[in-house]
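The values are calculated or read from the model by the stated rules, or taken from the named source; none is laboratory data. Computed from a predicted structure; not experimentally measured. With ideal geometry, Cβ positions are generated from the backbone for all residues, glycine too; neighbour counts draw on all protein chains shown.
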Ligand code: UDP
């Protein structure tokens with residue numbers, strides 16, 4: 001039975017990957033400091049090590065038991081706004097923690113590493129859709145921290161033979177279609193959960209951040225990819241890592257949806273309009289981000305099952321309706 005260490009496995013994306021790994025018959029150990037993750041998001045039969053990656057002794061202890069086949073690294077600070085306010089601590093924490101993790105993995109002989117990376121690496125992209133060969137110019141200290149980690153892992157690949165995959169997600173969205181997991185961030189900054197909460201009356205009306213962008217309806221266009229599709233991509237990439245030692249993939253559904261289109265979708269799913277008002281732009285938002293995931297599709301046969309926006313929103317809506325207080329409920 002393969003055995004995996006998943007950092008941040010109690011968080012939104014990480015927990016969905018844990019579920020997929022367990023579903024494939026793997027043994028999973030989650031390492032999470034629960035600063036953003038939720039104990040309730042970790043299945044009862046999965047071991048949870050409550051520890052910080054900044055604590056090297058605790059990370060080393062995680063590797064002291066039976067060997068892991070791979071590490072999947074999700075634990076990180078991920079708020080672009082926070083990174084713009086506190087760039088150096090943000091970069092320091094993300095990079096430092098990843099380096100401790102990679103070092104201890106290599107020391108323990110675990111030479112497979114999957115990194116949760118980001119579309120933010122491309123900043124204002126030079127072309128749409130964004131393929132892996134587009135120029136890299138991070139749009140924030142958050143994106144910069146992920147780029148630094150990718151580059152450090154590349155040296156670990158060359159020098160220590162670490163096999164690694166960098167997966168650059170576009171906008172992760174939705175929830176486990178069977179209703180076992182959902183999205184519960186504090187603070188919540190993402191469009192789909194905020195729109196769902198606005199329509200359910202759980203939060204104030206949504207503010208649309210600008211409607212004067214050079215797009216057909218003036219609002220920003222993003223590529224939303226369902227977390228369960230992301231999870232499927234991770235399983236396929238883990239397999240592929242056995243054949244090819246160094247992988248980079250952009251992961252999105254390949255279609256762009258404007259903020260207004262997302263609000264229309266939430267309204268269709270909820271059966272009533274989303275209360276909202278148009279406000280000023282949010283700093284640092286590129287007008288359009290859409291992924292070209294052809295490389296992932298070609299190499300692994302991956303294809304999104306929840307590419308349809310309404311289907312994606314439906315899963316998020318169902319979870320939130322059943323859990324209006326998130327995991328605390
Ligand atoms: N957005 C918005 N109002 C909100 C939150 C987000 O208009 O309250 C917009 C945001 O400007 C972006 C899109 O929705 O164009 C997706 O934002 P999100 O924060 O979900 O993801 P990001 O693209 O920043 O990773």
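With respect to (1) more than 15 Å from the ligand (Cβ to nearest atom); (2) in the same structural domain as residue 14 (by TED's automatic domain parsing), the lone exception for residue 178 is condition (2). Residues that are farther than 25 Å from residue 184 by Cα, assigned by TED's automatic domain parsing to the domain that holds residue 149 and exposed (fewer than 15 other Cβ atoms within 10 Å of the Cβ) are absent from region 27-46.
Taken over region 130-152, residues that are in contact with a strand residue (DSSP E or B) (Cβ under 6 Å, 6 or more places away or on another chain) and either in a loop (DSSP other than H, G, I, E, B) or not assigned by TED's automatic domain parsing to the domain that holds residue 90 (or both) amount to 1.
Please tell me if residue 167 is away from the ligand (no atom under 12 Å from the Cβ), touching a residue at least 40 places away in the same chain (Cβ under 8 Å), in a strand (DSSP E or B) and in contact with a helix residue (DSSP H, G or I) (Cβ under 7 Å, 6 or more places away or on another chain). Answer is yes for this residue. Quick check on residue 52: is it at pLDDT 95 or above and assigned to a loop (DSSP other than H, G, I, E, B)? So residue 52 passes the test.
Each residue in region 254-289 was checked for being more than 11 Å from the ligand (Cβ to nearest atom), part of a loop (DSSP other than H, G, I, E, B) and out of contact with any strand residue (DSSP E or B) (no Cβ under 8 Å at 6 or more places or on another chain), and 4 of them qualify. A single entry from 316, 231, 292 fulfils the requirement of being under 21 Å from the mean Cα position of the chain (by Cα), within 16 Å of the ligand (Cβ to nearest atom), at pLDDT 95 or above and buried (at least 18 other Cβ atoms within 10 Å of the Cβ): 316. Quick one: which residue in 67, 125 is buried (at least 17 other Cβ atoms within 10 Å of the Cβ), part of a loop (DSSP other than H, G, I, E, B) and not assigned by TED's automatic domain parsing to the domain that holds residue 285? Checking each option against the conditions leaves just 125.
Residue count for region 181-200 under the criterion of being within 8 Å of the ligand (Cβ to nearest atom) and part of a loop (DSSP other than H, G, I, E, B): the result is 2. Flag not set for residue 5, criterion: without any contact (Cβ under 8 Å) to a residue 60 or more places away in the chain, under 17 Å from the mean Cα position of the chain (by Cα) and part of a strand (DSSP E or B). All conditions in (1) touching a strand residue (DSSP E or B) at 6+ places or on another chain (Cβ under 9 Å); (2) in the same structural domain as residue 180 (by TED's automatic domain parsing); (3) assigned to a helix (DSSP H, G or I) hold for residue 304, with the sole exception of (3). Would a scan of region 201-219 turn up a residue that is in the same structural domain as residue 317 (by TED's automatic domain parsing), away from the ligand (no atom under 11 Å from the Cβ) and closer than 26 Å to residue 42 by Cα? There is at least one residue in region 201-219 that is in the same structural domain as residue 317 (by TED's automatic domain parsing), away from the ligand (no atom under 11 Å from the Cβ) and closer than 26 Å to residue 42 by Cα.
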